[in-house]
Amino acid sequence: PDGILYTSKETHYSIFKAARYYRMDAKAIPTLPMGEIDYDILADEIDKNRDRPVIINVNIGTTVKGAVDNLDRILRILNNLNIPRERFHIHCDGALFAMMMPFVDFAPEVSFKKPIDSIAVSGHKMLGCPMPCGVTIARKEHVKKVEQRIDYLNSVDTTIMGSRNGQAALYLWYSLRKKGISGIKRDVVHCMETAQYLRNELTNAGFTARLNDLSCTVVLERPMDDALIKRWQLACEEDIAHVVVMPNVTRGKIDQFVKELIECRDTHGRMKSARDDSPLTKLACSSWGGNVVAPVGDFKSE
């Protein structure tokens, strides 16, 4: 109960909401330009509070930039600080991408083979459930602490709300059975390749656009026309917007989107950075890599 929750500033708002509900001491750790947690600051904050248990939320895909925190690096931080296993709890928020990462070749492994305690994934995103739902998997010793036998239900309750939507569970089962491993793999490959296509088309058209390596979320400069934002239902944060590429997104739809963006730019101009540390400014940071990085120099001729 006296533990401190550490999570990045770009974490989904529901994590901070839960912290308020449970009156937890939570620290929002600054992020690197591409959206990952700042590991050095995280280490410093944990080191300052060695007398209190550590609770870490690891993002497997942030909301806006789709950034994946490096779980292994975080585990190394705990090891280097000599934090014993019984003094830390790690939750992996994998709402969208945790359902995709196992199907990405050579991606990092997030599993209970490592010292994590729980992981959550959404059912209404990659699997396409028509109502909001999700699955949380936790180690059995943690579940035992909250489960309660309910005699008149003839079952054990392990939920927070006391019940769940049975139709959602049925749809998740149906989606998994219908798609199968090969079907989900096919969807994931489509999303990743189509996201790269969108990023490349935007870049070729002269827009500022970024895509994290382990992500299907393309981040771009915010269009100046609110009507276009509403028409394409773009999620915006200050001076940037993002597009989450799902299985239903085709290259033809992307071509139409880019065409309308170009028309919008020609008519309304381009978004300027709101301030020196605005999201759009960070979008141009060289830490993302790619063709925005300035050339280092021709060492052969020197």
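How many residues, within segment 209-226, are farther than 25 Å from Met100 by Cβ and out of contact with any Cys (no Cβ under 9 Å at 6 or more places or on another chain)?
The number of residues fulfilling the criteria is 2.
Output the residues belonging to segment 210-226 that are of a type in the set (A, V, I, L, M, F, W, C) and open to solvent by less than 10 Å² (accessible area, probe 1.4 Å).
Cys216, Val218, Val219, Leu220
Does segment 21-33 include one or more residues that are part of a helix (DSSP H, G or I) and open to solvent by 10 Å² or more (accessible area, probe 1.4 Å)?
Checked against the condition, which is being part of a helix (DSSP H, G or I) and open to solvent by 10 Å² or more (accessible area, probe 1.4 Å), segment 21-33 yields at least one hit.
Can you name the number of the only condition in (1) under 18 Å from His91 (Cβ atoms); (2) small (Gly, Ala, Ser); (3) assigned to a helix (DSSP H, G or I) that Ala43 fails?
Status for Ala43: all satisfied but (1).
Counting only residues that are open to solvent by 20 Å² or more (accessible area, probe 1.4 Å) and under 22 Å from Gly35 (Cα atoms), how many does segment 235-256 have?
So the count comes out to 8.
Name the single residue, out of those in segment 188-206 being out of contact with any helix residue (DSSP H, G or I) (no Cβ under 7 Å at 6 or more places or on another chain) and either at positive phi or touching a residue at least 60 places away in the same chain (Cβ under 8 Å) (or both), that is least open to solvent (accessible area, probe 1.4 Å). Steps first, please.
Pass one, segment 188-206, residues out of contact with any helix residue (DSSP H, G or I) (no Cβ under 7 Å at 6 or more places or on another chain): 189-193, 195-196, 199-200, 203-204, 206.
Of the ones still in play, those that are also either at positive phi or touching a residue at least 60 places away in the same chain (Cβ under 8 Å) (or both) are 189, 191-192, 203, 206.
On the way: Val189: 54, Cys191: 0, Met192: 22, Thr203: 40, Gly206: 36 Å².
Looking at residues that are out of contact with any helix residue (DSSP H, G or I) (no Cβ under 7 Å at 6 or more places or on another chain) and either at positive phi or touching a residue at least 60 places away in the same chain (Cβ under 8 Å) (or both), I get Cys191.
What number of residues within segment 96-109 are open to solvent by 40 Å² or more (accessible area, probe 1.4 Å) and part of a loop (DSSP other than H, G, I, E, B)? Don't jump to the end; show me each part of the working.
Start the filter on segment 96-109 by keeping residues that are open to solvent by 40 Å² or more (accessible area, probe 1.4 Å), which leaves 102, 105-106, 108-109.
Checking which are part of a loop (DSSP other than H, G, I, E, B) leaves us with 105-106, 108-109.
Result for segment 96-109: 4.
Within segment 226-275, work out how many residues are polar (S, T, N, Q) and under 25 Å from the mean Cα position of the chain (by Cα).
4
Looking at this structure, is Ile160 open to solvent by 60 Å² or more (accessible area, probe 1.4 Å) and either closer than 30 Å to Asp51 by Cβ or part of a helix (DSSP H, G or I) (or both)?
When the stated conditions are applied, Ile160 passes them.
Please go through segment 271-285 and give me each residue that is closer than 24 Å to Ser215 by Cβ and open to solvent by 20 Å² or more (accessible area, probe 1.4 Å), ordered by number.
The answer is Met271, Ser273, Ala274, Asp277, Thr281, Lys282, Ala284, Cys285.
If Tyr171 satisfies every condition in (1) aromatic (Phe, Trp, Tyr); (2) farther than 19 Å from Asn248 by Cβ; (3) open to solvent by 70 Å² or more (accessible area, probe 1.4 Å) but one, which is the exception?
Only one criterion is unmet by Tyr171, namely (2).
Could you please find all residues in segment 112-132 being aliphatic (A, V, I, L, M), assigned to a loop (DSSP other than H, G, I, E, B) and crowded, with 17+ Cβ neighbours inside 10 Å?
Hits for segment 112-132 are Ile116, Met126, Leu127.
With the requirement that a residue be farther than 13 Å from Asp69 by Cβ, basic (Lys, Arg) and touching a residue at least 12 places away in the same chain (Cβ under 8 Å), what does segment 7-34 give you?
Lys27
The values are calculated or read from the model by the stated rules, or taken from the named source; none is laboratory data. Quick caveat: nothing in here was measured; it's all calculated off a predicted structure. Counting neighbours? That spans all protein chains shown, and the Cβs are built from the backbone with ideal geometry, glycine included. These area figures cover heavy atoms from the full protein model, side chains too; ligands, DNA and RNA do not enter into them. Shrake-Rupley method; radii C 1.70, N 1.55, O 1.52, S 1.80 Å.
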